[in-house]
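Step one of this worksheet: look at the structure below.
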Amino acid sequence: AGRGFLFGGSTGTVVSGAVDWLDRRGARDLTAVAVAPDLGERYLDTVYQDNWVRDLYGRGPLDAARPVAAGRAPAAPGAPTA
């Protein structure tokens with residue numbers, strides 16, 4: 001969260017849907033409004049902790065993490081393209 005937004009799972013889903021909606025329309029002059037139903041403060045001791053993720057899932061998810069540049073987030077692997 002020190003490098004971006006602190007989202008919970010529901011907000012992540014909403015933001016992903018808004019980005020997908022914008023991408024499918026391909027217009028640069030559109031604005032999407034999304035309601036963030038939860039923040040990530042409840043997950044600070046779990047999904048936002050590398051040790052917790054490593055203990056539960058192994059190194060795979062952490063090794064697969066990619067830094068995201070400012071601007072546009074990369075599509076998830078296997079996600080449909082426009």
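Computed from the coordinates by the stated procedures, all read-outs in this text should not be read as laboratory data. Small disclaimer: the values here were computed from a predicted structure and weren't measured. Here the Cβ positions follow ideal geometry from the backbone for every residue, glycine too, while neighbour counts run over all protein chains shown.
Quick notes
- Positions within the range 9-52 being β-branched (V, I, T) and either within 24 Å of D63 (Cα to Cα) or touching a strand residue (DSSP E or B) at 6+ places or on another chain (Cβ under 8 Å) (or both), in sequence order: T11, T13, V15, T46, V47
- When the range 31-66 is filtered for residues that are among the hydroxyl-bearing types (S, T, Y) and without any contact (Cβ under 8 Å) to a residue 12 or more places away in the chain, the ones remaining, listed by number, are T31, T46, Y57.
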